[in-house]
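Have a look at the structure below, then the notes.
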Amino acid sequence: MVVPHHATGARLARHRLADELADLVRPILLADLVAVLAELVGNAVRHADPLPGGVVRVAWRLRWTTEGQHVQLRVTDGGSASGPLMRAASPDAADGRGLHIVSGLASRWGVERDGLGQSVWAEFDPVATARPDLVAAG
């Protein structure tokens, strides 16, 4: 999906993801996916240039394996001079925790660059994202 390179882009992406995956993934995983997607789109809007047309491209992929569900989120923007960086935030800082949230919720994340911009992705593996209280309930 394509969203505006504006604060509303994160809201549009969150709602679409939640609507499309609500019946396909566990609620706790969906909450993590929504939080991470909001951070990635928010970072693209705040720190990167837009793609042509003033937009950010958002995608997700859900696949099933014998281990369970794997989900990948991907946000593509026009890139920035420095790229995404995890930084230390003081306890009373208003920002600076976004990639720490992504790192804490996702199994792994990374950045890919090409001539058009950059994509920041986050992956969720079933073993890493399984929660004991939900595994038993099944």
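The values are calculated or read from the model by the stated rules, or taken from the named source; none is laboratory data. Note that the structure is a prediction, hence the values are computed from the model and not measured. Please note: Cβ atoms are built from the backbone with ideal geometry, for glycine as well, and neighbour counts cover all protein chains shown. Keep in mind that these areas ignore ligands, DNA and RNA; they rest on the heavy atoms of the full protein, side chains included. Shrake-Rupley method; radii C 1.70, N 1.55, O 1.52, S 1.80 Å.
Taking the range 122-136 as the region of interest, how many residues are buried (at least 19 other Cβ atoms within 10 Å of the Cβ) and either at pLDDT 90 or above or hydrophobic (A, V, I, L, M, F, W, C) (or both)?
Total satisfying the criteria: 2.
I'd like the full set of residues that are over 21 Å from residue 77 (Cβ atoms) and buried (at least 17 other Cβ atoms within 10 Å of the Cβ), limited to the range 21-37.
21, 25, 26, 29, 30, 32
Please pick out the residue among 74, 87 that is open to solvent by 70 Å² or more (accessible area, probe 1.4 Å) and either modelled with pLDDT of 90 or more or among the basic types (Lys, Arg) (or both).
Checking each option against the conditions leaves just 87.
Would you confirm whether any residue within the range 43-64 is loosely packed, with under 14 Cβ neighbours inside 10 Å, more than 22 Å from residue 101 (Cα to Cα), modelled with pLDDT under 95 and not charged (D, E, K, R)?
yes
Identify, from the list 73, 37, 33, 62, the residue that is touching a strand residue (DSSP E or B) at 6+ places or on another chain (Cβ under 9 Å), part of a strand (DSSP E or B) and within 19 Å of residue 104 (Cα to Cα).
Residue meeting the stated conditions: 73.
Take the residues in the range 1-20 that are assigned to a helix (DSSP H, G or I) and open to solvent by less than 10 Å² (accessible area, probe 1.4 Å); name whichever of them is farthest from residue 69 (Cα to Cα).
The residue in question is 9.
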